[in-house]
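Novice: Below you'll find the structure I mean.
Since every read-out is calculated from the coordinates, none of them should be taken as a lab result. The shown structure was predicted, so the numbers you read here are calculated from the model rather than taken from an experiment. We place every Cβ from the backbone using ideal geometry, glycine too, and count neighbours over all the protein chains shown.
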Amino acid sequence: MSEYLLLRHRQIPDIGNLTVYRQNEGFQAFHKAVTSMKPEEVTEVVKASGLRGRGGAGFPTGLKWSFIDKNKWPHYVVANADESEPGTFKDREIMENNPFQFLEGVMLCAYAIQANVAYIYLRGEFWQIAAHLDRKIAELHSAGLLGDNLFGTGYSLRLYTHLGAGAYICGEETAMLESLEGKLGQPRLRPPFPPSFGLYGMPTVVNNVETLTNVPLIIEKGAAWYRGYGTEKSAGVKIFSLSGCVNKPGNYELPLGTTFRELIYEHGGGIPGGRQIKAIMPAGASSSLIVANEQALDTPMDYESVPAVGAQLGSASVIIIDESVDIPWLINKTIHFFKHESCGKCTPCREGSYWMMHLTERIDKGKATWKDVELLKDVATQIRGKCLCALGEFSIEAVLSGIDRFRQDFEARVGAREMIETQP
Amino acid sequence: MNHLAEKYSEEIQAILAKYPADQKRSAVMPLLYLAQRESGYVTKTAMNEIAELLGITATEVASIVGFYSLYYDKPAGKYRIQVCTDLPCALRGAEEFLEKLCENLGIRVGETTPDGMVTVEHVMCLAACDKAPMFQVQSGEGLSYHENQTVESAMALIQSLKKGASHSNKDGHP
Amino acid sequence: MAKQVTLTIDGKQVTVPEGTLIVDAAKKAGIDVPVFCYHPKMEPVGMCRMCLVEIGRPVIDRATGQVVKEADGSPKVQFGPKLETACTTPVSEGMVVVGASEKVKAGREDILEFLLTSHPLDCPICDKGGECPLQDLTMGFGPGESRFIFDEKMRMDKHVPLGELIYLDRERCIQCGRCVRFQSEIADDPVIGFYQRGRSLEIVTFSEPGFDSYFSGNTTDICPVGALTTADFRFGARPWELNNAASICSQCPVGCNITFNTRREARSGGRMVIKRVMPRQNEAVNEIWICDKGRFAYHFTEGGGSGNSERLTQPLVRKNGELAPVSWDEALQVVAERFRQAGSGLLTLAGGRLSNEDLFNLRQLTQGLGGQTALYTQMAGGDLVAQVGVGQGTNFADMGAGSAILVVASDLHEEAPIWYLRIKQAVERGAMLIVAGARPTRLEKYAAHVVRYPYGSEAAAILAMLNSLSAKRPNLPEPVQALARSPELQAAAKAFAGAQNGLVLYGSEGLGLEGSQALAQACANLLISTNHIGRANNGLIAVWQRANEQGAWDMGFRPRTDLAEAMKSARVLYVVAADPAGDDPSMAEAGEFLVVQELFLTDTAKLADVVLPVEAYTEREGSFTSGERRVQRFYPAVPEPAGLKADFAVTGQIGQLLGLDLEARFASKVMLRIASQIADYAGLDYVRLAEVVEQWPIVGRGDVYYGGTSYENSQGLGVQLAPAAQRGAAVPLAWPEFASQSHSQQASAEGLLAAPINRLLDRGQTVWPSTLLHSRIPQPYVALNPADAAVLRIPSGAMLQVTLNGTARLAAAHLDENVPQGVVLVPRSMGLPIFGPAPVEIRRAEVVSA
Ligand SMILES: Cc1cc2nc3c(=O)[nH]c(=O)nc-3n(C[C@H](O)[C@H](O)[C@H](O)COP(=O)(O)O)c2cc1C
Ligand code: SF4
Ligand code: FES
């Protein structure tokens, strides 16, 4: 990549220093917005840029901001820095190394919806990152970029960090709001959505860290410039968190529409030991398993193309699975995760994940029969479409696609069992 | 007789200042971290004190402790070594790493070394999948990440922790 | 009226108000959608996913905004790909809901299978068996056999006490959250909560004592499985073995409608016994809730306890100084003869737990002989309630924006928990609450205005409010003038006067007879002057200390301030359902001849010349008049024990022996006489009192729209009386004499004033026999301000000798910053003789070391 838009520290190592950030046009967008743009204009530019949410759902960011209810005040911004999807580690790199660009994004969003307070909700494990951000926020206060009457306009803004405490579900935006209110992190019923009923019941925009980090450059350089990256419907760049069976795991900032092949083989250095790639999970543990055939490898990673090969782009946490990996083992792993993280609020996810865990464990240990595999499929199908939030729905993706697309692995496991049974 | 309120009055004020005056309950999570720093886990007394500070019931505070996996209602080793064995890390050998580490310490996963210093646990993804094997250390001092680990480097860290070194490789706690 | 919306549910057209949820719309149309987490009294949460239905919505043409039509002209309806929860989705125009399809059936089966994976097979021993929607639904939708391996079931703790009253079976819990939501949303006592998450979610309590809430028992009713049970009933009986009898709670003036569940029991010698008390729906009174006192304190009716709670079984007459059993004939003859001789020297003293019928007969008898009656109580004002009480049709449920509620001198959470709950809800709907009190109480949390006055200035505070509204009565005594200048009081007065509806509840905290009469008069004046009388949701309510004190006033009984003297000078004293000697030993010197009619051998009864044993109200029928002046019937729950008679019957028979025309056999006939002689009760009879109308929500029908085990009301919603003001009578203002008493006038030499307060769970005769409650009843205590305690060198918890009204008793010292300085709070019925404000002496008791 010739130029980084998000992981700019890779080019400008000291960009985490306020002076350096400002030397590189930092906070010009915010200054421009607050002093010379109407809040709605900021939203319009973001809308026009085609930026879509990077937290997973890919919802158009500007459109979300425009939904904010203007009849109820105050408004809030909550930056989603919960980053807990297995395989995702991009927001962390941004916040550690390019914190000001992220904070400026939060500030622009706040200005656009006229919020005077924004919270950054970080997963509890990001304890040190929160401390780091707190210091950066203090610097912004000293520099007159946060506080009251900014640039003499009367607009005031404060940012606060808030630490979660080890619950994947708190990445789900309504659970996050509950958590921020000091309650159990269990999702709310929707509708109403946060832009009309959010934090403390007030209109709120929740955006992912990466999403917000795009905003300063969009405001500064314009929507058209941003649309120069990516594809028609998936504009801009995306950080792909590459992990699993690959030589060079890590974050790769690439235009949307880059193919899996390019990510894995050009940037990621291919599969260790020259082994064969077997499957791809493009959206972390929540993902369906894609059979990594030639067609799949040539699929562009954007919001439209990935569904065509039977998965979602999600947060673009691309987990690579090679031929040495056994799929029953893999789904046992993912189910353990979801069983551990189910909030317990709704029946299908709470009970279903527990049941599936017993089944995947038995299958993985070679103690199951084909009937158990079928039962697992039944249970997963039974969960589908009945959960209160997406976590429960995520939990079955790998299971159903695994059984469908890697049937031979399951047959082998069951075969092992049958062999044991027939032994004298 | 609110011990926390007395000992940390300034910190508590700073925490409360983050949230609207009529939404004090939001401060329950940061206050629980504060309490946990005191004793390594959240005592019943602390739950009552936090409840009193926020005008909610002890049960409401306890529910938070129970729901979130980073709060503990029971004491364990002084340092909790929490190894990520979730899928991406497991694909890069985290499970073997954990097994060997435990072997070296002579304990099983979830157990504490006889000297009460180290408890080893496995945890879900910590957003460090490209740097497996990795673990975090949680203690009264705070929480820190240790990435690209080998059993040797982990044992060295544990040795130094036992000698009283700090595990916070960067910033310490906020 | 809300906009109406028409939709189709399973082919049936239904019209309901906008905003109605699909489950409720279906129920109204007679279609059951199964639920677990949804409860019609609580916000929907959509957790259990049992109520899945298919929902189709008319397709709207974006361009024209018109409904798209099919070829046949019917509106085109589009169904979503997923099943949706009927409990969270409000109806919309033209919606088509399908609950009877294969897809829906399969969806419900799926959810049920999930719920059953870890549910234990306890049904044969489960208290909920027979009234459990999970059991019912399993019969309806459940899989024939489990696909889940039994060994993999989640094992959790059983028999977990959540405190002394409620037990939890963690395995049975289906995590619907109803109990947790009830406690936080409805009771505002969030003392139980979820712990852990996912499949490990479990209910816990961290309060001291566990599950510390006066409403805890309600959670066992709405728990859709047998996870929550009461310590009182669990393993006590199977629901289908139980008979039920409609009744009214006799513990406080709210008059909650209840059902006694009874069973014939070998352990009790084959007698029918009460197994549990359940709420009975009356949306105008208690909805579907009752407080824990009502639920658990019924054991006094059984007797068989210890000490004075043993029930009397036969008449006793004093012979040679000893009370000896005699026949009814003999006892009644003795009594009649004495009454005849006494004539106008007869004083009949009655307690407020008697029924209207009992009181009526007592009054008829006494009047017939030219004697005098007195009500044994420490609170007055019932005559004013009869004049300006709440209008017919009053219902807290109808109060919201535009309604003002003033509560004065009452800690409602302690004195009438269900009113507390209903006022809280009214505030949540927008009603404006003013709490006037001498110390903070729980209800103040919901108050828009708090008026603080010193003990002794209760009536004065209300007069000051009135005074601030008009110059009608400027000559207020000095302390009142100071109060009248308080901006908070003035704002409260203004808000009250300006409200569309105005309601006042007054109590007896800090007050005796004179004080409460003055307070009632002040409240009546405020209501009259602000024109908040004679209409529904306007008027005066007295927070009586006993269930039927209003009925007693209506039947013509009045308390007297000179009771002690009157008792001494009476030739014959007839004490019914009262224990003056037990409350105050100085009352023991009764007149020449004492007749006591009672359930128990009380301290007063022990002094009696004749003791007449009576039936408990659970053994007979009758009626009570609630604080809101709703006349309500109670029915016999268990057969009358041999040898006992109802109070009205005993009195009636005495009257007949004296040649008076009294009804002694049928309570219903006594009611007819009441109706013909007491104007306010005109037109009432037992048939009218038994009338019901359909109520919402629909509960207790054993269907899958599960409202809980509260009983459906089929035996009477009662009749609310119209106060004089509503019947067009003129109600003039009158100015109380006793407006304010300054502290120094009343305090002891040390400057300490004892102020009586009321506690829900006390050591009274109708509570103490329920031993289950003992752990929740404090030892005798008094509360005082830490500053006073410091001066007197009294540490918290110290044992004190408290001297009140000439009697010295031991009590523990509770230090409480909320107690005003110079005041010692003394709970009533807690072993200390307190009737009204009084000087008190306290000193540390000598500690006797073992
Ligand atoms: C179970 C679950 C976990 C989620 N975790 C995260 C997360 O860790 N970070 C995140 O940004 N979004 C997460 N999301 C998505 C958020 O709900 C929300 O859509 C997102 O924060 C919106 O921001 P965006 O529009 O900028 O993507 C999660 C969603 C679900 C259902
Ligand atoms: S699907 Fe249900 S149980 Fe699972 S996390 Fe979402 S709300 Fe909680
Ligand atoms: S989800 Fe509708 S009743 Fe539980």
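Novice: Given C:GLN517, C:VAL687, C:ILE55, which one lies farthest toward the positive end of the charge dipole of chain C, if we put +1 on the Cβ of every Lys and Arg and -1 on the Cβ of every Asp and Glu?
Specialist: C:ILE55
Novice: Something else about it: For the stretch C:644-795, compute Rh as the Kirkwood radius over C-alpha pairs and then the Stokes-Einstein diffusion coefficient at 20 °C and 1.002 mPa s; write the answer in µm²/s, rounded to an integer. The partial results should precede the final answer.
Specialist: Working: Rh = 22.7 Å.
Calculated translational D: 95 µm²/s.
Novice: Report the local net charge at B:ASP115: Lys and Arg +1, Asp and Glu -1, summed over other residues whose C-beta lies under 14 Å from its C-beta.
Specialist: In short, +2.
Novice: Charges on Cβ only, +1 for Lys and Arg, -1 for Asp and Glu, centred on the Cα centroid of the stretch B:3-67; of B:GLY66, B:VAL42, B:LEU32, which one is farthest towards the dipole's positive end?
Specialist: The residue sitting farthest along the positive end of the dipole is B:GLY66.
Novice: Something else: Only bridges whose two residues both fall in the protein assembly as shown count here: according to DSSP, what percent of them are antiparallel, nearest 5?
Specialist: Values: 96 of 176 bridges.
If we restrict to bridges inside the protein assembly as shown, about 55 percent are antiparallel.
Novice: Count the DSSP beta bridges whose two residues both fall in chain C, then state the antiparallel fraction as a percent rounded to the nearest 5. Don't jump to the answer; show the numbers that get you there.
Specialist: Numbers: 70 of 123 bridges.
So the antiparallel bridges in chain C amount to around 55 percent.
Novice: So what is the diffusion coefficient of the stretch C:4-100 in µm² per second by Stokes-Einstein at 25 °C and 0.890 mPa s, using a Kirkwood Rh over Cα pairs?
Specialist: Details: Rh = 13.8 Å.
Diffusion coefficient, whole number: 177 µm²/s.
Novice: State to the nearest 20 debye the size of the charge dipole of the stretch A:272-379 about its Cα centre, where the only charges are +1 on K and R beta carbons and -1 on D and E beta carbons.
Specialist: Computed charge dipole of the stretch A:272-379: roughly 500 debye.
Novice: A:GLU266 to A:SER196: FRET efficiency via 1/(1 + (r/R0)^6), r the Cβ-Cβ distance, R0 41 Å, to the nearest 0.05?
Specialist: Working: r = 44 Å, r/R0 = 1.08.
E between A:GLU266 and A:SER196, to the nearest 0.05, is 0.40.
Novice: Which value, in Å³ per residue, describes the convex hull spanned by the Cα atoms of chain A?
Specialist: Per-residue hull volume (Cα only) is 134 Å³.
Novice: Need one number: % antiparallel among DSSP beta bridges in chain A, to the nearest 5. The partial results should precede the final answer.
Specialist: Values: 16 of 37 bridges.
Bridges in chain A that DSSP calls antiparallel: roughly 45 percent.
Novice: Taking amide H positions as placed 1.01 Å from N in the peptide plane, with prolines and chain starts having none, which residues 5 or more places from C:ILE258, or on another chain, fall under 5 Å of its amide H?
Specialist: HN-HN under 5 Å from C:ILE258: C:SER247, C:ILE248, C:CYS249, C:ARG280.
Novice: Kirkwood Rh over alpha-carbon pairs of the stretch C:743-844, then Stokes-Einstein at 25 °C and 0.890 mPa s: what D in µm² s⁻¹, rounded to an integer? Intermediate values should be presented prior to the final figure.
Specialist: Working: Rh = 13.7 Å.
Answer from the Stokes-Einstein relation: 179 µm²/s.
Novice: Rounded to the nearest 500, what is chain A's calculated 222 nm mean residue ellipticity when only DSSP H runs of at least 4 contribute -39500 (n - 2.57) each, over all residues? If you can, show how the numbers build up before the last one.
Specialist: On the way: 18 runs with 183 residues, N = 424.
After summing the helix terms and dividing by residue count, I get -12500 deg cm²/dmol.
Novice: Can you list, largest first and rounded to whole Å, the semi-axes you get for the stretch C:314-408 by taking the square root of 5 times each eigenvalue of its Cα gyration tensor? Let's see the in-between values first.
Specialist: Details: eigenvalues 346, 49, 30 Å².
Gyration-tensor ellipsoid for the stretch C:314-408: 42, 16, 12 Å.
Novice: With +1 assigned to the C-beta of every Lys and Arg and -1 to the C-beta of every Asp and Glu, and no other charges, what is the dipole magnitude of the stretch B:3-67 about the Cα centre in debye, to the nearest 20? Don't jump to the answer; show the numbers that get you there.
Specialist: Numbers: 6 positive and 8 negative charges, 32 e Å.
Approximately 160 debye in magnitude.
Novice: Another question about this same structure. Toward the positive end of the charge dipole of chain C, about the Cα centre and with charges on Cβ (Lys, Arg +1; Asp, Glu -1), which of C:PRO40, C:GLY551, C:CYS176 goes farthest?
Specialist: C:PRO40
Novice: Percent of Cα-Cα pairs per 10 Å bin, from 0 to the last occupied bin, for the stretch C:398-553, please list those.
Specialist: 12, 45, 36, 7
Novice: Follow-up. As a test of understanding, state the convex hull volume per residue of the stretch C:527-644 from its alpha carbons, in Å³.
Specialist: Values: hull volume 16.0 nm³, N = 118.
Output value, Cα hull per residue: 135 Å³.
Novice: Another question about this same structure. Can you sort A:ARG54, C:ARG238 from fewest to most other Cβ atoms within 10 Å of each residue's own Cβ?
Specialist: C:ARG238, A:ARG54
Novice: For C:THR219, C:THR89, C:THR771, A:THR369, what ranking results if the residue with the fewest other Cβ atoms within 10 Å of its Cβ goes first?
Specialist: In order of increasing Cβ crowding within 10 Å: C:THR771, A:THR369, C:THR89, C:THR219.
Novice: So between C:GLU841 and C:ALA642, what do we pick up on full extension, going 0.36 nm a residue minus the alpha carbon distance? Don't skip to the end; give the middle numbers.
Specialist: On the way: separation 199, 0.36 × 199 = 71.64 nm, distance 4.82 nm.
Taking C:GLU841 through C:ALA642 to full extension adds about 66.8 nm, to one decimal.
Novice: Taking the Cβ-Cβ separation of A:GLN295 and A:ASP378 as r and a Förster radius of 35 Å, what is the calculated FRET efficiency to the nearest 0.05? Provide the component values of the computation, followed by the final result.
Specialist: Working: r = 30 Å, r/R0 = 0.85.
Result of the calculation: an efficiency of 0.70.
Novice: Around C:MET432, which amide H atoms from residues at least 5 apart in sequence, or from another chain, sit under 5 Å from its own amide H, with H modelled in the peptide plane?
Specialist: Residues meeting the criterion, in which the H sits 1.01 Å from N, are C:GLY402, C:SER403, C:ALA404, C:ILE405.
Novice: Where q = 0.14, 0.16, 0.25, 0.27 Å⁻¹, what log10 of I(q)/I(0) comes from the Debye formula for the stretch A:33-108, counting one point per Cα?
Specialist: For the stretch A:33-108, the Cα-only Debye profile gives -0.56, -0.72, -1.38, -1.42.
Novice: How big is Rg to Rh over the stretch A:8-226, alpha-carbon atoms, Rh as the Kirkwood inverse-mean-distance radius?
Specialist: On the way: Rg = 15.9 Å, Rh = 17.1 Å.
With Rh from the inverse mean 1/r over Cα pairs, Rg/Rh is 0.93.
Novice: To the nearest 0.05, what FRET efficiency results for B:ALA165 and A:SER142 with a Förster distance of 45 Å applied to their C-beta separation?
Specialist: On the way: r = 33 Å, r/R0 = 0.74.
That pair, B:ALA165 with A:SER142, gives E of 0.85.
Novice: Radius of gyration and Dmax for the protein assembly as shown's Cα atoms, expressed in Å?
Specialist: When restricted to the Cα atoms of the protein assembly as shown, Rg and Dmax are 36.5, 119 Å.
Novice: With charges only on Cβ, +1 for K and R and -1 for D and E, what is the dipole size of the protein assembly as shown about its Cα centre, in debye, rounded to 20? List each step's numbers first, then the result.
Specialist: Details: 139 positive and 164 negative charges, 239 e Å.
About 1140 debye.
Novice: Can you list residues whose amide H is under 5 Å from A:LEU242's amide H, if they're 5+ apart or on another chain and H is modeled 1.01 Å from N?
Specialist: Those lying under 5 Å, H to H, from A:LEU242 are A:GLY250, A:ASN251, A:TYR252, A:VAL318.
Novice: Suppose the Debye formula is applied to equal point scatterers at every Cα of chain C; what is log10 I(q)/I(0) at q = 0.05 Å⁻¹?
Specialist: After summing over all Cα pairs, the log10 values are -0.30.
Novice: Ranking C:LEU660, C:LEU115, C:LEU540 by Cβ neighbours within 10 Å, fewest first, what do you get? If you can, show how the numbers build up before the last one.
Specialist: Working: C:LEU660 16, C:LEU115 26, C:LEU540 30.
The order, fewest Cβ neighbours first, is C:LEU660, C:LEU115, C:LEU540.
Novice: Do you know the relative contact order of chain A, to the nearest whole percent, from alpha carbon pairs under 8 angstrom that are 6+ apart?
Specialist: On the way: 856 pairs, mean separation 66.1, N = 424.
Relative contact order comes out at 16 percent.
Novice: Hey, any idea what the orientation-averaged projected area of the convex hull of the stretch C:792-850's Cα atoms comes to, in nm²?
Specialist: Values: hull surface 18.4 nm².
The directionally averaged projection comes out at 4.6 nm².
Novice: Can you work out ³J(HN,Hα) from phi for every residue in the stretch C:213-218, in order, using Karplus 6.51 cos²θ - 1.76 cosθ + 1.60 and θ = phi - 60°, giving whole Hz and x for Gly and Pro?
Specialist: So the Karplus estimates, Gly and Pro as x, are 7, 6, 10, 4, x, 4 Hz.
Novice: Largest first and in whole Å, what are the equivalent-ellipsoid semi-axes of the stretch C:478-581 based on the Cα gyration tensor, each being the root of 5 times an eigenvalue?
Specialist: Details: eigenvalues 227, 65, 21 Å².
Each semi-axis is the square root of five times an eigenvalue, giving 34, 18, 10 Å.
Novice: Same structure again: When the Karplus curve 6.51 cos²θ - 1.76 cosθ + 1.60 is applied with θ = phi - 60°, which whole-Hz ³J(HN,Hα) does each residue of the stretch C:122-135 get, with x for Gly and Pro?
Specialist: So the Karplus estimates, Gly and Pro as x, are 8, 2, x, 10, 8, 4, 7, x, x, 9, 10, x, 5, 5 Hz.
Novice: Students often check this: by mean Cβ neighbours within 10 Å, which of B:106-113, C:340-347 ranks highest, and how do the rest follow?
Specialist: Details: B:106-113: 14.2, C:340-347: 18.0.
My ranking of the peptides, most packed first, is C:340-347, B:106-113.
Novice: A further question follows. From the phi of every residue in the stretch A:343-356, what ³J(HN,Hα) in whole Hz does the Karplus formula 6.51 cos²θ - 1.76 cosθ + 1.60 yield, where θ is phi - 60° and glycine or proline is x?
Specialist: So the J values, rounded to whole Hz, are 6, x, 5, 10, 4, x, 6, 4, 7, x, 5, 5, 5, 4.
Novice: Using only the Cα atoms of the stretch B:3-67, what semi-axes does the equivalent ellipsoid have when each is the square root of 5 times a gyration tensor eigenvalue? Give whole Å, largest first.
Specialist: Values: eigenvalues 54, 40, 19 Å².
Largest first, the stretch B:3-67 gives 16, 14, 10 Å.
Novice: According to the Kirkwood expression over distinct Cα-Cα pairs, how big is the hydrodynamic radius of the stretch A:327-422, in Å?
Specialist: Details: mean 1/r = 0.0766 Å⁻¹.
About 13.1 Å for the stretch A:327-422.
Novice: Let me ask another. Over the residues of the stretch C:223-310, compute the C-alpha Rg and express it relative to 2.2 N^0.38 Å.
Specialist: Details: Rg = 13.7 Å, N = 88, 2.2 N^0.38 = 12.1 Å.
In units of the 2.2 N^0.38 Å rule of thumb, it is 1.13.
Novice: Among all the aspartates and glutamates, which ones have a C-alpha under 20 Å from C:LYS28's C-alpha, if same-chain residues fewer than 8 places away are not counted?
Specialist: Reachable aspartates and glutamates: C:ASP10, C:GLU18, C:GLU43, C:GLU54, C:GLU84, C:GLU93, C:GLU283, C:GLU287, C:GLU694, C:ASP703, C:GLU712.
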